[in-house]
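What follows is a single structure, written as structure tokens, with notes after it.
The values are calculated or read from the model by the stated rules, or taken from the named source; none is laboratory data. Every value quoted in this text rests on a predicted model; they were computed, and no experiment measured them. Please note: Cβ atoms are built from the backbone with ideal geometry, for glycine as well, and neighbour counts cover all protein chains shown. With ligands, DNA and RNA removed, areas are computed over all heavy atoms of the protein, side chains included. Shrake-Rupley method; radii C 1.70, N 1.55, O 1.52, S 1.80 Å.
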Amino acid sequence: MTVPRQSASPDETFRPPEGRRRMIVRRWLTAIIIVLLVGIPAGYLVISAEQSRESGRHKAAESSASGLRDNWPSQMKRRVFEIPIPMKSTDVAYFETSNWQTSRLYVQFTTTAAGLDRFLADVGTGRDELTEGEIAISRRHAETVGWDFGGDFSWASVSQNNPHPRPSQDITVDRTDPDRPRVFVVSAANP
């Protein structure tokens, strides 16, 4: 038994077979669209993964450091630990430690007399609060980063115990050269 075929509708128009040139253009357009739909997201993923890996390497290098790093701490760290290092300071170095109870940022820098005044004012103290001949930073904290507060230097210090959640700070200043004071800070934050 054979099934009858339905005849074409009179409204259908006759389409001639596709020409070779048209077929090649259609295939190229399809290939370009596929490359764009797949290639752009894939490229984005590769770039994103590389940036993430690079960030991880940077953080790993920073956390594995075992002493002062000759660099400025990030702006976020300076804000969290409330250490407003004056602009144009030199010999800036820092080190961060963290545990479950306390995070500490150790910072040292050399500044000008006006920079020292600005720094002390920004942390909420002043030169008149500095105690001459005293070292506010404990021996244990000094040994953590290799600071030596001995010798024939003009030391002055102040400690700030701020209410929680603000960090507490121990500040020691070498004022042997009054035009270029050297500042040492240990700021401790309790999360």
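Report summary: the helix-based calculation at 222 nm, which adds -39500 (n - 2.57) for every DSSP H run with n ≥ 4 and divides by the residues of the chain, gives -11500 deg cm²/dmol. Roughly how many percent of the accessible protein surface of the chain is carbon and sulfur, given a 1.4 Å probe and a whole-percent answer? Carbon-and-sulfur percentage of accessible area, whole number: 55. Net length available on complete extension from residue 76 to residue 5 is 17.8 nm, with 0.36 nm assigned per residue and the Cα-Cα distance removed.
Counting charges near residue 26 (Lys, Arg +1; Asp, Glu -1) among other residues having Cβ under 15 Å from its Cβ returns a value of +4. When both bridge partners sit in the chain, DSSP labels roughly 100% of those beta bridges antiparallel. Between the Cα long axis of helix 113-122 and the first principal axis of the chain there is an angle of about 70°, rounded to the nearest 10. Length available on full extension from residue 127 to residue 26: 0.36 nm per residue minus the Cα-Cα distance, which gives 28.4 nm. Between the entries (1) 1.03; (2) 1.55; (3) 1.06, the label attached to Rg/Rh (Cα atoms, Kirkwood Rh) calculated for this structure is (2). Take the Cα of residue 98, step 7 Å along the line toward its Cβ, and report every residue of segment 149-186 whose backbone nitrogen sits under 19 Å from that point. Once the point is set 7 Å along Cα→Cβ of residue 98, 165-168, 186 turn out to lie under 19 Å by backbone N, inside segment 149-186. Normalising the average separation of contacting C-alpha pairs (under 8 angstrom, six or more residues apart) by the number of residues puts the relative contact order of the chain at 18 percent.
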